[in-house]
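Here the structure comes first, spelled out in structure tokens, and everything after it is commentary.
The values are calculated or read from the model by the stated rules, or taken from the named source; none is laboratory data. Here the structure is a predicted model, which means the values were calculated and not measured. Because the Cβ atoms are built from the backbone with ideal geometry, glycine has one as well, and the counts that use them run over all protein chains shown. Areas reflect the complete protein model, heavy atoms only, side chains present, ligands, DNA and RNA absent. Shrake-Rupley method; radii C 1.70, N 1.55, O 1.52, S 1.80 Å.
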Amino acid sequence: MAAPIAYEPPTISKAWAAFLAHIPTILLIWVATIVLSVIGVVASLALTALGVGLSSSGAGSDAASGIAAVLGNLVQLPFTVLSNLVGVLFVAVPAMYYASGEIIGTEPALRVLMHRPVRYLLAGVLFTVVAAIGFVLCILPGIAVTLVMPVYVNKVFLTDSPILDAFSSSFQAVYGSAKGRTFAGIELIAWLLVLVVTIFTCGLGSLVAVPVATFYIQNAAYHQGVLS
């Protein structure tokens, strides 16, 4: 059972209040994800620039340029993975908050993240692969998989269920009942609003809209009975 506040009807004001209470944690997540992404991009560009420099130096330069480009992508990959690993806390922190009813500080959030990093990485790989296949086959299946993420992250972080079981049960919870499908509709509308805010604020609004939406959606999942 989650905390009593999890089952209350979700409202923007409640999600906003939860966001304000978690500003230090949310700020840390934003800073960490941005810094890791920037480091990865800079390292990749540095190696690519090195390859371009070598390409103008003479024989064998084309091969050197190609190798530098490949290495640039390889160097960026771990930073991208780490950035995504930290970024999942945008969903995990609201999940932990509504499960416990307590404010999740920066230290507890990072401690939970580092407790089972391999599990979270593997869960992320599974979700990314399935979602990518869905988008390649047709856009709608990809969207359907993406809408399962809040429930999936909750189960991965807060339970000991095997990853495959967590994914399949999350999919069933969202699409196996009328209330689950209602939740998916609520989530879709919430993310469309986030997109609108992001576009009209040149991206700056996402710094607030994304975390507020994750708190609202997690509350909606409990209220609709998708999570218990």
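Does the range 127-142 contain at least one residue that is touching a residue at least 12 places away in the same chain (Cβ under 8 Å), in a helix (DSSP H, G or I) and closer than 20 Å to residue 95 by Cα?
yes
Those residues that are open to solvent by 60 Å² or more (accessible area, probe 1.4 Å) and not β-branched (Val, Ile, Thr), I need them from the range 117-141; list them, please.
The answer is 121, 122, 135, 137, 138, 140.
Go over the candidates 159, 201, 182, 214 one by one and state the one that is farther than 22 Å from residue 5 by Cβ and of a type in the set (Val, Ile, Thr).
None of the others qualify; the one that does is 201.
Can you give me the number of residues within the range 97-112 that are buried (at least 19 other Cβ atoms within 10 Å of the Cβ) and either in a helix (DSSP H, G or I) or touching a strand residue (DSSP E or B) at 6+ places or on another chain (Cβ under 9 Å) (or both)?
Residues meeting the conditions: 4.
Identify the residue in the range 146-165 that is within 18 Å of residue 213 (Cβ to Cβ) and of a type outside the set (Phe, Trp, Tyr) and, among all such residues, is surrounded by the most Cβ atoms within 10 Å (Cβ to Cβ).
Among those that are within 18 Å of residue 213 (Cβ to Cβ) and of a type outside the set (Phe, Trp, Tyr), it is 151.
Given the structure, is residue 160 free of Cβ contacts under 8 Å to residues at least 24 places away in the same chain and in a loop (DSSP other than H, G, I, E, B)?
Against the criterion (free of Cβ contacts under 8 Å to residues at least 24 places away in the same chain and in a loop (DSSP other than H, G, I, E, B)), residue 160 qualifies.
Which of the residues that make up the range 15-44 are open to solvent by 70 Å² or more (accessible area, probe 1.4 Å), at pLDDT 95 or above and touching a helix residue (DSSP H, G or I) at 6+ places or on another chain (Cβ under 7 Å)?
16, 24
Of the residues that sit in the range 204-228 and are open to solvent by 30 Å² or more (accessible area, probe 1.4 Å) and of a type outside the set (Val, Ile, Thr), which one is farthest from residue 155 (Cα to Cα)?
204
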